[in-house]
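Take a look at the structure set out below.
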Amino acid sequence: MNKQTKNIFQFSFLAFAPMIFMGWSGSQIDYHSPLGSGLAAVCMLFPLIATITLQLMAHEKPLRNIGISWKVNRWWFIGWLLMPVIALITLGVSGLMPRAELTTNTELLQAQIYAMNEMAESQGGITFTPALLIAISLLSGLFAGATINALLAFGEESGWRGYLLRQFQGQHFLKSALIIGAIWGAWHSPIILLGHNYPQHPVAGVFMMVLFCMCFTPIIQYIRVKSGSVIVAAIMHGTFNAVAGLSILLINNFNDLLCGSTGLAGILTLLVIDLLFFLFDKYVTKENIFTSPLSL
């Protein structure tokens, strides 16, 4: 790990200091509450702050040479639309996990349908069904992922797939992806220990989060290279965050280490997608990006 890599990790890690200093260490935080959501959003901005700080320290212009480009190409849409596909496949794989049950009769889904129907009834609207709710969740997730979520995700992606990726220029693509993925996953460890993503298993969740990020990074990095823009990585990241909940919406007997986007089901899904992109790169485009030095 070179000096720049260590610096961005250390600077970004400061994002979690307020949580620990305010006495939340070892406890769990509801990340669906306004407080939890606000804390998570603030933390996502710290890699951006770290990037700007390190560039200023190196006498570079802030946000230069990190891959910001607004030249839209097909890879913008591939990266964006791939995220709900991953969530839905993960939902199916989650249903195959031990003790898990794939059904529309889940507490989470029924609570959402009840709330939506109560609102619709008071306004003389339509009746919500599981299929309609899932469709609305997909569409709203795509919209949020390309707008407000992408803006927040840029806080992270400017660091991971922007500044940090640049430090691996000329090194093996897969090696850089695995290292960046491990750093990205380890960076989450404080909020994982506080109950984020793995409230049932916070300690084991730290290792699962590292593994998840290592499996997810080759996909984001490949599309980042193909699109030529870190903005696409932010859209992918933001959309994934918006639609990830679909992967457990129809699951009873949920186990956070096995089910859902950040569980074993999600990791297995990502490994299959990684393999498909590798085969596409090797045998269809024949660019061999996966097996070549990283070129930005």
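Using +1 on the beta carbon of Lys and Arg, -1 on that of Asp and Glu, and nothing else charged, what's the dipole of the chain about the Cα centre, debye to 20?
1240 debye
Label points 7 Å out from Cα along the Cβ direction at Ile136 and Phe77: separation in nm?
Going from the Ile136 label point to the Phe77 one covers 2.7 nm.
Could you give the C-alpha radius of gyration of the chain expressed as a fraction of 2.2 N^0.38 Å, taking N as the number of residues it contains?
1.01
May I ask which residue of Phe290, Thr262, Ile220 lies farthest towards the positive end of the charge dipole of the range 141-296, with charges of +1 (Lys, Arg) and -1 (Asp, Glu) on Cβ and the Cα centre as origin?
My answer, from the dipole projection, is Phe290.
With a 10 Å radius around each residue's Cβ, average the other Cβ atoms per peptide and rank 199-209, 233-243, 132-142, highest first.
233-243, 199-209, 132-142
If we sort 154-167, 61-74 on the protection proxy, mean other Cβ atoms within 10 Å, highest first, what's the order?
Those peptides, ordered most packed to least, come out 154-167, 61-74.
Give the relative contact order (percent, whole number) for the chain; include only Cα pairs under 8 Å separated by 6+ residues.
30 percent
What does the highest-first list of 108-117, 266-275, 168-177 look like by mean Cβ count within 10 Å?
Per-residue Cβ counts within 10 Å, averaged per peptide and sorted highest first, yield 266-275, 168-177, 108-117.
Check which residues have an amide H placed less than 5 Å from His172's amide H, if you skip close sequence neighbours.
Those lying under 5 Å, H to H, from His172 are Leu294.
Between Asn117 and Tyr283, how many nm apart are label points set 7 Å from Cα along the C-beta direction?
Result: 4.8 nm between the two label points.
If the chain between Gln171 and Ile148 were fully stretched, how many nm would it gain, using 0.36 nm times the residue separation less the Cα-Cα distance?
Taking Gln171 through Ile148 to full extension adds about 5.0 nm, to one decimal.
If each of Asn65 and Leu88 carries a label point 7 Å out from its Cα toward its Cβ, how far apart are those two points in nm?
Rounded to a tenth, the inter-label distance reads 4.3 nm.
Quick one: which residues, 5 or more positions from Leu258 or on another chain, have an amide H under 5 Å from its amide H? H modelled 1.01 Å from N in the peptide plane, none for Pro or chain starts.
Residues meeting the amide H criterion: Leu264.
Give Lys175/Lys226; Lys175/Lys286; Lys61/Lys282 a once-over and call out the pairs whose C-alpha atoms are over 26 Å from each other. Before the final figure, lay out each step's value.
Numbers: Lys175/Lys226 18 Å; Lys175/Lys286 20 Å; Lys61/Lys282 37 Å.
Check vs 26 Å cut-off fails for Lys61/Lys282.
Report the residue, chosen from Ala87, Ala58, Ala265, that carries the largest GNM mean-square fluctuation when the chain is represented by alpha-carbon nodes joined by springs under 10 Å.
Maximum fluctuation in the GNM of the chain, among the listed residues, is at Ala58.
Could you tell me whether the range 139-183 comes out rounded, prolate or oblate from its Cα gyration tensor? Rule is a ≥ b ≥ c as square roots of the eigenvalues, rounded for a/c under 1.5, then prolate if a/b exceeds b/c, otherwise oblate. Walk me through the intermediate numbers first.
On the way: a/c = 3.32, a/b = 2.45, b/c = 1.36.
Taking the square roots of the gyration eigenvalues as a ≥ b ≥ c, the range 139-183 is prolate.
A short reminder: the numbers here are calculations on the coordinates, not readings from a lab. Here the structure is a predicted model, which means the values were calculated and not measured. Here the Cβ is made from the backbone with ideal geometry for all residues, glycine too, and neighbour counts use every protein chain on show.
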